Amino acid sequence: MSDTVTERSTVSEAVSERAATGRTGRTTGGRIASHAVMALMAAYFLLPFWWLLVASTKDNDGLFGSAPLWFSGDFKLFDNLSTLFSHDGGVYLRWLRNSALYSVVSGVGATALAALAGYAFAKLRFPGRNLLFAALLGLIMVPATALVLPTYLLMSEAGLTDTVWAVILPSLLNPFGVYLLRVYAHDSVPDEMLEAARIDGAGELRVFRSVALPAMRPALVTVLLFTMVATWNNFFLPLVMLSDNDLFPLTVGLRTWYQSATLGNAGPALFNVIVVGALVAIVPLIVAFLLLQRYWRGGLTIGALK
Amino acid sequence: MSARHLSVERRQRRPIRTMITAVLAATALVAAGCGGGDESEEPSGPVKIKVWAWYPAFQGVVDHFNRTHTDVQIEWENAGAGQDQYTKLQTALKAGKGAPDVAMLEFQELPTFQLTKHLVDMGKYGANDIKGDYVDWAWKQVSNGDSVYAIPVDAGPMAMLYREDIFKQHNLAVPKTWAEYKEVAQKLKAASPGSFITDFGANDGGFMTGLMWQAGARPFEYTAAQSPNVGVRLNNDPAKKVMAYWEDMVDGGLVDTVAYGTTDQYSGLGSGKYATYIAAGWGPGYLASVAKTTSGKWRAAPIPQWNAGEKAQGDWGGSSFAVTDQTKYPKQATQVAMEIFGADKDAWKIGIDEAFLFPTATPILEWDYFVTKEYEFFGGQKVNEVFVPAYNGIGEFQWSPFNSYYFNQLSTNLNQAIEKKTSWTAALDTAQQNITTYAAQQGFKVAS
Amino acid sequence: MSVVARRPRVGRQAVAGWLFVAPFTVLLVFFLLLPMLYAAKLSLYRSTLVEGEVFAWLDNYRQALDDPEFRRGVLRVVVFGLVQTPVMIGIALVAALLVDEVTSRFSRLFRLAAFVPYAVPVVIGTLMWGFLYSPNTGPLSSVTDVDFLSSGTVLYSLGNIVTWQWAGYNMIVLYAALQGVPREVYESARIDGAGAVQTALRIKTPMISAAIVLVTIFTIIGTLQFFTEPLILQPLNPGAVTNSYTPNVYAYHQAFSYQQYNYSAAISFLLGAVVFVGSYIFLFATRRRSALR
């Protein structure tokens, strides 16, 4: 396979080039059929979002009593939003902030660590390298749930449970990111430039900063993006580690409300608030993905090719 | 992250944990250096008691407590509702760190937590002083002789809520016995094929246990004093009578089987699909929040009886405040447990009006405000006139020290029965067998 | 393969190399390796509610292997993986080939639409589908009488959630791989008169087999560890989604609902072994095409 290595950085150019040549379906019939299939699939992927959008404009009575895929007479979106941000002393906003904090700090931290390690695995010779890398690959396979309880007990021994570190520190570990960056650094950081820098007398850290980092940038953005999403979506770890409501990320917080709504003795069932909370929780991610399309699309090639 | 966290106790026998601790502590130190080390030192002012609870509208109750106390202050955390909180509490208790001073525990969970010896005996700190505020069965839920493991807060006496408009429309009489209840269900079915007399949520262990309780079933014989002996009799006659009855109702298409707490159940309650709702003491307020459009149409009546003229009752659930062994201030923690709600009328006003709690303290149960409160949702009916006698008529009941397992077995097997994979009474047999095996595995001496 | 090291550099590189991987390695040790060792230790002890903790050798493993609930759970995720994986990868592949073949504004929009579910947290996605599956208030209830949450159907319903969430992601991976294939390969096929469908099946698909293997292996690892979706759907029908529904759910409940930490650790290890063996069998069987070498 190694002889079919393609230059990753040219992928996006290739995309636009091909779009320009218009290599489209050759027959009109084929084109229509292709579009029909795509339309069907798109409907499937988007239906739940449409439901969510519609449902967030309803109160509980509307949710339970009107056609699920169309608006009911009452437009309650703003009422729901104001309940969302004021319920339980406005804790939702705090959850939103927590999610943002966890994903930014973990994302940046994990990417930095993965960049260092990935580059070292790809370009530096040191004893134990292959062994360590093999261990890393093996450990990717360990079921995450198996480790949550022991990690909890260990963290608790260190007095770190129920603090932001209990969520952030384990999230800094991203073996898959290391793997991706190793693959990327291996192909995209030219050895000659590394050597040239070294001959100029640059230290290894400087070589890394001035030569490797710029060359790895597209892949770094991808790893950053995916770690941030993974942390934003993380559920099990914070569920176990945190008991203080004020530290919850959105996922755990919304689950708590849902749990209360499904327990008869835990107060009013706030399904409408949960629905609108879900909507607000996914908007930032969708916006981020739309804005950063270029990066995740380009970046995904790293894992796929080789 | 204060330096206090760095001291590590009990590190013997745990080389791995100790090593990790050291590094994590170092990390914490670095982290603290990066800012955010804001934990205060030993309090010099009032004692701060950390409380975990998931009561609705609880903030007001906490504020009230803190306003009226100077030497003790509550720090409240909502660590999740129900099982979520128990999970966290168990792990924190196991870890030896991270548990609150005071935790809300439902009655049925008390023996489980008591078994692991993590609950403080509040009898030593004066809890027996308020014994007289509680009826016998409720106090027995939380105590064992002079040992007091929790202070009761709310309970779930059961009653039948029904749609008066639907009953009038179809000319139905309010049933007084379960036999009449079935007749009413049949008439309703004939008159309106799309409706059901009620919904049976086999996911709710408290509900099903309450029904069996009312029929005289006592699935467990267990007190802390007699551990490790436990009696398991889940499949005895009264329990089977209850399940056979509901099996018959479901098979006849008279009762729906949607899980409780789902949007499906709520939509059924709101749309008139269910003509009655067998509810607990918190039910009226709760119903009002999920089926607003039906306001004024509901009424409350005593739960139907197995034998005409009797007044047998069951309890759906209830909760209490317990003090964990991780507290440094057992005396103040006990005070908090006793006084958060206690028999304080200002606290209970919030509890009744905003949190829909049904009080367990006799002074509140006899309080005019509570007894004569008119519920608009029930057409101005004083529903507590139904619930208070129900509460007082509840008989003694013992829970097992492995309640999660019991509730899970009950709900898993009855759901299998609903899907017609087994009969309802056989489901009880299976649950009985599994629970017996489990208890024996856990080292209990099981009598059945 | 490039040759990096020159002799005099090796010493300096060794130090730098270790320094560079050190932070990551520390995390790896503390949040993966040591918890694992600790879990391994836990799994060799046995604790009962009454008697506390005693050393028990492999008793927990023996019990797990004999435990019908655990075995049913393993069987369920294996079957689930066998059905779910090809269906989802199939959908992703078809979508990727379509997007690669048809360039129009709509196909670009479609690419986004398919990817958006990936941006939804699993918890929230599952909550949404929980509403959609509702037999009374869900939109699907007006179309069909099927109860999506009964014990006979809920596995498919769960499969649908996974497919919805991940098909688009896998599509993008495959599409990116397709974009990386040199165009000349298609051109020559076109000259030979191959139709679009034939080109897709005979030329494009084999060309990206490495990427297909990659997404398949991650899907397999994911499905064997199936956890969050069943846990969230559980309250809707606990009779169908039981506490032992998947090995991970079982391990979770053993530890967190019943305080059987030791047994839970043993179950997790056995599951880890299944995942490990499963992944390696697959990798070995497809090693010529694999991207993970």
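The values are calculated or read from the model by the stated rules, or taken from the named source; none is laboratory data. Bear in mind that the values here come from a model prediction, so they are computed numbers and not experimental data. Neighbour counts run over all protein chains shown; Cβ positions are idealised from the backbone, glycine included.
Of the residues B:Pro302, B:Pro330, the single one that is farther than 22 Å from B:Lys373 by Cα and in contact (Cβ under 8 Å) with a residue 40 or more places away in the chain is B:Pro330.
Taking the stretch B:152-239 as the region of interest, the helices (runs of 4 or more DSSP H) fully inside it that hold 2 or more residues being under 25 Å from the mean Cα position of the chain (by Cα) and at pLDDT below 95 are B:205-214.
With the stretch B:275-378 as the region, which helices (runs of 4 or more DSSP H) entirely inside it contain at least 3 residues that are of a type in the set (S, T, N, Q)?
Working: elements: B:283-290, B:330-339, B:345-353, B:362-365, B:368-371.
The qualifying helices (runs of 4 or more DSSP H) are B:330-339.
For the stretch C:77-104, a tally of residues being part of a helix (DSSP H, G or I) and either facing chain A (nearest Cβ under 7 Å) or free of Cβ contacts under 8 Å to residues at least 60 places away in the same chain (or both) returns 8.
For B:Ser271, the conditions (1) in the same structural domain as B:Val51 (by TED's automatic domain parsing); (2) without any contact (Cβ under 8 Å) to a residue 40 or more places away in the chain all hold with the exception of (1).
Restricting attention to the stretch C:42-76, report how many residues are assigned to a loop (DSSP other than H, G, I, E, B) and either of a type in the set (Ser, Thr, Tyr) or surrounded by 15 or more Cβ atoms within 10 Å (Cβ to Cβ) (or both).
Our first condition is that a residue be assigned to a loop (DSSP other than H, G, I, E, B); within the stretch C:42-76, this holds for C:44, C:49-51, C:56-58, C:67.
Subset that is either of a type in the set (Ser, Thr, Tyr) or surrounded by 15 or more Cβ atoms within 10 Å (Cβ to Cβ) (or both): C:44, C:49-50, C:56, C:67.
Of the residues in the stretch C:42-76, 5 are assigned to a loop (DSSP other than H, G, I, E, B) and either of a type in the set (Ser, Thr, Tyr) or surrounded by 15 or more Cβ atoms within 10 Å (Cβ to Cβ) (or both).
Of the residues that make up the stretch C:118-127, is at least one farther than 24 Å from C:Glu229 by Cα and over 16 Å from the mean Cα position of the chain (by Cα)? Spell out how you get there, then give the answer.
Of all residues in the stretch C:118-127, those farther than 24 Å from C:Glu229 by Cα come to none.
No, the stretch C:118-127 has no match at all.
Restricting attention to the stretch A:112-132 and to residues that are part of a helix (DSSP H, G or I) and touching a Gly at 6+ places or on another chain (Cβ under 7 Å), the residue that is nearest to the other protein chains (Cβ to nearest Cβ) turns out to be A:Ala120.
Would you mind stating whether A:Gly138 is touching a His at 6+ places or on another chain (Cβ under 6 Å) and more than 30 Å from A:Val211 (Cβ to Cβ)? So that I can check it myself, show each step before the final result.
Details: touching a His at 6+ places or on another chain (Cβ under 6 Å): no; more than 30 Å from A:Val211 (Cβ to Cβ): yes.
So A:Gly138 does not fit the description; no.
Considering C:Ile232, C:Ile267, the condition of being under 27 Å from C:Tyr118 (Cβ atoms) and either surrounded by 24 or more Cβ atoms within 10 Å (Cβ to Cβ) or modelled with pLDDT of 85 or more (or both) is satisfied by C:Ile232 alone. For the stretch A:78-102, the candidate set comprises residues that are surrounded by fewer than 17 Cβ atoms within 10 Å (Cβ to Cβ) and more than 27 Å from B:Gly60 (Cβ to Cβ); within that set, the residue that is nearest to the other protein chains (Cβ to nearest Cβ) is A:Leu101. Inspection of the stretch C:194-207 identifies no residue that is buried (at least 24 other Cβ atoms within 10 Å of the Cβ) and either within 22 Å of A:Ala42 (Cβ to Cβ) or out of contact with any strand residue (DSSP E or B) (no Cβ under 7 Å at 6 or more places or on another chain) (or both). Of all residue pairs spaced 6 or more apart or on separate chains, those with beta-carbon atoms under 6 Å, a first member in the stretch B:381-395 that is more than 13 Å from B:Asp368 (Cα to Cα) and a second member that is among the charged types (D, E, K, R) are B:Gln381/B:Arg299; B:Gly393/B:Lys311; B:Ile394/B:Asp315. Of the helices (runs of 4 or more DSSP H) that lie entirely inside the stretch A:140-229, those containing 3 or more residues that are over 26 Å from A:Leu247 (Cβ atoms) and more than 9 Å from every other protein chain (Cβ to nearest Cβ) span A:175-188, A:191-199. Within the stretch C:105-153, being within 7 Å of another protein chain (Cβ to nearest Cβ) and either among the basic types (Lys, Arg) or not in a helix (DSSP H, G or I) (or both) holds for C:Val120, C:Pro121, C:Ser134, C:Pro135, C:Asn136, C:Thr137, C:Gly138, C:Ser150, C:Ser151. Per this entry, C:Phe282 is not counted among residues that are aromatic (Phe, Trp, Tyr) and at pLDDT 80 or above. Scanning the stretch A:24-38 for residues that are within 17 Å of C:Leu109 (Cβ to Cβ), in a helix (DSSP H, G or I) and facing another protein chain (nearest Cβ under 8 Å) gives A:Arg31, A:Ser34, A:His35, A:Val37, A:Met38.
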